[in-house]
Amino acid sequence: MKPILKTRAEEDVDYFPSSPKKDRSLMKAVSTLVIFMAGIVLGLSISAHFTRYFSTHSDLFFPKAMYSANCDKECSSIDRFVKPVHLTHGMSDEELFWRASLVPKKEEYPFERVPKVAFMFMTRGPLPFSLLWDRFFKGREGLFSVYVHSLPDYKMNVSEDSAFFGRQIPSEEVEWGTVSLVDAEKRLLANALLDFSNERFVLLSESCIPVFNFPTVYEYLINSAHSFVQSYDEDSPHGRGRYSHRMRPYITLTQWRKGSEWFELNRELAIEVVSDSKYYSLFRKYCKPSCYPDEHYIPTYLNMFHGGLNANRSVTWVDWSRGGPHPATYGRESITKGFIQSIRNNGTACTYNNKPTSLCYLFARKFAPSALEPLLNMSSTVLDF
Ligand SMILES: *[C@@H]1O[C@H](CO)[C@@H](O)[C@H](O)[C@H]1NC(C)=O
Ligand SMILES: *[C@@H]1O[C@H](CO)[C@@H](O)[C@H](O)[C@H]1NC(C)=O
Ligand SMILES: *[C@@H]1O[C@H](CO)[C@@H](O)[C@H](O)[C@H]1NC(C)=O
Ligand SMILES: *[C@@H]1O[C@H](CO)[C@@H](O)[C@H](O)[C@H]1NC(C)=O
């Protein structure tokens, strides 16, 4: 009798019978394959997810525009720095005013700087005289820039060849008679200061028209030793009466001035106005109610620190002769050759660069939209543009 001794191999064999062993190894191979395939599918989907995640999120952290290859040349070129192409930006007033206050220490420019006049329009909505202004600007590209402050949600509709096309600056709500009007003026100045070629800054409204052609206006402003901000002392409830003693000792009654909102400033003074926060804050706090910061802040501030640079008169004609809180508005019937001539030279004697002249006004207000047609009709004959 042969003892039944099971070798380990036999045991193994018994334990792992041959046929089931084959099956199992097949199953193992199949399951390995399944797991492997699942792994591939899972891996692919995860990697796709990650790719999506990173491509969307990397835009947030590393904007393509900033890092794309051709940006090195375009975005950091001197052209872009000294003359922003687009007026839209994400700067707050605080950031914008700070940037606008930067002054180059170096006197020479590394580019050909042709001084420009910045025409800054403050309006709520449409500009009824944009067609007249476009005739005025036609062919003078490179000598002027246009900026428009409107209601924040107003979209200007002008043709692509208009000087106003794409010239709206990021704007805020303005409440007339409050300091928000000064904020809008500073916002216009600051946006215009970002263009280093802008040398003179004129504030205009939607009811303003030019009464001389572009070359006359340009020469007059660019060659003037003074800025044109009306600034006078008026001993009346509408003048000194608006002064608050709480502004003492920083602003005294003898320094207090009044003047039309529609200013013209040179670059130096525009930078001063945008940079000031000390005196601006006093007006913000104490020039209310019935004070009208827009009629006092810049006239007083210039009188205190830069009087010698100011002509103390406005270059914008207006008719207050009828009395009341608002100046006269002229419509279609009023527009005649004689009327325009009387604005151009209304008998006022003024000084220009310390010499007497009868040419005192370059712009005029207020005009109703109905004045557009007759003005366009006489633009080439009377207005000379
Ligand atoms: C814009 O102006 C054009 C031409 O005057 C006019 O045809 C168009 O309807 C206007 N678009 C809007 C949105 O007002
Ligand atoms: C304007 O007024 C200031 C005083 O604020 C004076 O110093 C300056 O000479 C005046 N400008 C002109 C051109 O008269
Ligand atoms: C000329 O116009 C201005 C308005 O800007 C006015 O103050 C002045 O009195 C006018 N002069 C004459 C002589 O009518
Ligand atoms: C403007 O000129 C046109 C064409 O010459 C004429 O038909 C129109 O009546 C004029 N309008 C005014 C207000 O003068």
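Every number here is computed from the coordinates shown, using simple stated rules; none is lab data. This is a predicted model, so every value here is computed, not measured. Neighbour counts are summed over all protein chains in view; Cβ atoms, including those assigned to glycine, are modelled from backbone coordinates with ideal geometry.
Structure notes:
- D_trans [Stokes-Einstein, Kirkwood Rh over alpha-carbon pairs] for the range 315-368, 25 °C, 0.890 mPa s, µm² s⁻¹: 200
- Hydrodynamic radius of the range 180-231 per Kirkwood, over alpha carbon pairs, in Å: 12.8
- Cβ-based charge dipole, the range 246-335, positive-most Cα from Pro249, His306, Ser290: Pro249
- Using the Cβ-Cβ distance between Ser321 and His238 with R0 set to 22 Å, the FRET efficiency works out to roughly 0.85.
- Low-density loop positions, chymotrypsin sites (Phe, Trp or Tyr not before Pro), the range 250-355 - DSSP coil, at most 13 other Cβ in 10 Å: Tyr250, Trp320
- Dimensions in Å of the range 67-196 - Rg and Dmax from alpha carbons: 15.9, 49
- Between the range 344-371 and the range 150-166, the alpha-carbon center distance in angstrom: 28
- Magnitude of the charge dipole, the range 90-236, Cβ model with Lys/Arg +1 and Asp/Glu -1, debye to 20: 540
- Remark: for residue pairs Lys278/Lys366; Lys106/Lys138; Lys106/Lys278; Lys155/Lys337; Lys186/Lys288; Lys83/Lys105, the C-alpha separation exceeds 23 Å in Lys278/Lys366; Lys106/Lys138; Lys106/Lys278; Lys155/Lys337.
- Around the Cα centre of the range 230-352, unit charges on the Cβ atoms of Lys, Arg, Asp and Glu (plus for the first two, minus for the last two) sum to a dipole of about 260 debye.
- Over the range 234-306, equivalent-ellipsoid semi-axes from the Cα gyration tensor in Å: 19, 14, 11
- Between Asn354 and Met378, residue separation times 0.36 nm minus the direct Cα-Cα distance comes to 5.3 nm.
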